[in-house]
Amino acid sequence: CLYISALLFAQINDNLRVTPRFVTGSLALNNRLIFSHDPILPALRSGHDFSALWNGHAWVEIKNLIFDPSVFLTIYSPSTPQDIQNKFEKTFKGKFSYLIGERDKLEKLGVVYKTYEHLSNDDANILINCGFRAGFFDKNIC
């Protein structure tokens, strides 16, 4: 989620006349914590490999809109418990690819994003470059 959200943030920031926020935090569904939050900024700025150490979630916000390009990839992965997958499927009526929604409408569905950290453009650049080096991104996408 860090890498793809960093890329989305950069694309929005570079190509649209809006001010996106690249954030990390927690995600709960119907009062059940799906992603907790460990601070990423200290690990990111330490210069050490943090990829296996971080437990959290990242997304992009523009005003009251939440853009979460990776949540369904994670939720429907084999490592996610079936009951969580079922809750997401019920909440979103079986539709999934990426999530874009108004914060207040998502909260009415029981989907609660809690922001803890705001990442900078420099942080996004570090993550994008790490994503390229790790093979998550192909240079042709930028």
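Is there a residue in the stretch 124-140 that is closer than 27 Å to residue 29 by Cα, open to solvent by 60 Å² or more (accessible area, probe 1.4 Å) and over 17 Å from the mean Cα position of the chain (by Cα)? No.
Within the stretch 1-13, does at least one residue satisfy the condition of being of a type in the set (A, V, I, L, M) and not in a helix (DSSP H, G or I)? No, that holds for no residue. Among the residues of the stretch 12-32, those that are touching a residue at least 40 places away in the same chain (Cβ under 8 Å) and open to solvent by 40 Å² or more (accessible area, probe 1.4 Å) comprise 13, 18, 19, 21, 30, 31, 32. Counting the residues of the stretch 107-123 that are open to solvent by 20 Å² or more (accessible area, probe 1.4 Å), among the hydrophobic types (A, V, I, L, M, F, W, C) and at pLDDT 95 or above gives 1. Of a type outside the set (Phe, Trp, Tyr), modelled with pLDDT under 95, under 26 Å from residue 108 (Cβ atoms) and in contact with a Gly (Cβ under 7 Å, 6 or more places away or on another chain) - does that describe any residue in the stretch 57-66? Checked the stretch 57-66: at least one residue is of a type outside the set (Phe, Trp, Tyr), modelled with pLDDT under 95, under 26 Å from residue 108 (Cβ atoms) and in contact with a Gly (Cβ under 7 Å, 6 or more places away or on another chain).
Pairing each residue of the stretch 73-92 that is of a type in the set (Asp, Glu) with any residue that is open to solvent by 30 Å² or more (accessible area, probe 1.4 Å) and not in a helix (DSSP H, G or I), provided the two are 6+ apart or on different chains, yields C-beta distances under 8 Å for 89/96. Pairs meeting the criteria (first residue in the stretch 115-130 and over 14 Å from residue 43 (Cβ atoms), second residue hydroxyl-bearing (Ser, Thr, Tyr) and open to solvent by less than 20 Å² (accessible area, probe 1.4 Å), beta carbons under 8 Å, at least 6 apart or on different chains) are 115/24.
The values are calculated or read from the model by the stated rules, or taken from the named source; none is laboratory data. Everything numeric in this text was worked out from a predicted model, so none of it was measured. All Cβ positions, even for glycine, are placed from backbone atoms using ideal geometry, and neighbour counts span all protein chains on display. These area figures cover heavy atoms from the full protein model, side chains too; ligands, DNA and RNA do not enter into them. Shrake-Rupley method; radii C 1.70, N 1.55, O 1.52, S 1.80 Å.
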